[in-house]
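I have placed the structure first, in the form of structure tokens, so that the comments after it can refer back to it.
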Amino acid sequence: MCLALPGEIVERREGVLPMALVRFGSVRREVCLAYVPDAAIGEWVIVHVGFAIQRLDEAEARRTLALLASADDSIAAESTEAADTSRGPEPR
């Protein structure tokens, strides 16, 4: 499965390839900006395997992050339910 995540550019680094420090919630990662070389600090980008592949507006980024958080909550709830049912009935 492939997954691309929205992140906000918080710092740019110029070199052979344009690079950026991108914030994904509380996590920050170095990302290559070769596909969006004029992306600026404060802009949101979609990142896949360490490359920013396109820009997106902040509202869309936040909608995507909310959807991912909702999916994570659903998976956690399903895991808890599965663990509860695997223990069998409660003793009397």
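The values are calculated or read from the model by the stated rules, or taken from the named source; none is laboratory data. The structure displayed is predicted, hence computed values, not measured ones. Positions of Cβ are generated from backbone atoms using ideal geometry, with glycine treated the same way; all protein chains shown enter the neighbour counts.
Worth pointing out:
- The residues of the range 54-75 that are β-branched (V, I, T) and over 13 Å from the mean Cα position of the chain (by Cα) amount to a single one, I75.
- Matching option when the condition is at pLDDT 95 or above, on the phi < 0 side of the Ramachandran plot and outside any strand (DSSP E or B), among I41, I75: I41
- Apart from one condition, A66 fits all of (1) under 19 Å from A4 (Cβ atoms); (2) modelled with pLDDT of 95 or more; (3) out of contact with any Phe, Trp or Tyr (no Cβ under 8 Å at 6 or more places or on another chain); the exception is (2).
- Screening T80 on (1) at pLDDT below 95; (2) under 14 Å from L5 (Cβ atoms) shows it passes everything except condition (2).
- Residues that are within 14 Å of L56 (Cα to Cα) and outside any strand (DSSP E or B) within the range 1-27 comprise just one, A4.
- In the range 19-40, the residues that are surrounded by 18 or more Cβ atoms within 10 Å (Cβ to Cβ) form Cβ pairs under 8 Å with partners that are of a type in the set (D, E), at six or more places apart or across chains, as follows: M19/E30; A20/E11; A20/E30; V22/E8; V22/E30.
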